[in-house]
Amino acid sequence: MFVGVNDELASYEDSVWLHEELQNGYGDNPKPVVYYKEYDAGHYTFIVGKDMSYMDDVVELLAKYNIVSDSDKDSEKKFYG
């Protein structure tokens, strides 16, 4: 979860509550939240903010959880050349 503590559209308190609720799992998923961090940011910071440093965390999460198999890499090479 990427939480903006200055968010005027989604309340900070609701984000904290949701995170706490999901700590015990949800449905068949025992750990649905793999990331939680609070940023000194508002709702629009994550789209058009001047400080996009949170993207470092996004890239790190993508590298960790977006696993690409070798066959996918071969297909990508064929497609892009």
Across segment 18-61, the tally of residues that are surrounded by 12 or more Cβ atoms within 10 Å (Cβ to Cβ), touching a residue at least 12 places away in the same chain (Cβ under 8 Å) and in a loop (DSSP other than H, G, I, E, B) stands at 6
Filtering segment 1-17 down to residues that are in contact (Cβ under 8 Å) with a residue 24 or more places away in the chain and assigned to a loop (DSSP other than H, G, I, E, B) yields 1, 5, 6, 7, 8, 9, 10
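Every number here is computed from the coordinates shown, using simple stated rules; none is lab data. Keep in mind it's a predicted model, so treat the numbers as computed, not measured. Positions of Cβ are generated from backbone atoms using ideal geometry, with glycine treated the same way; all protein chains shown enter the neighbour counts.
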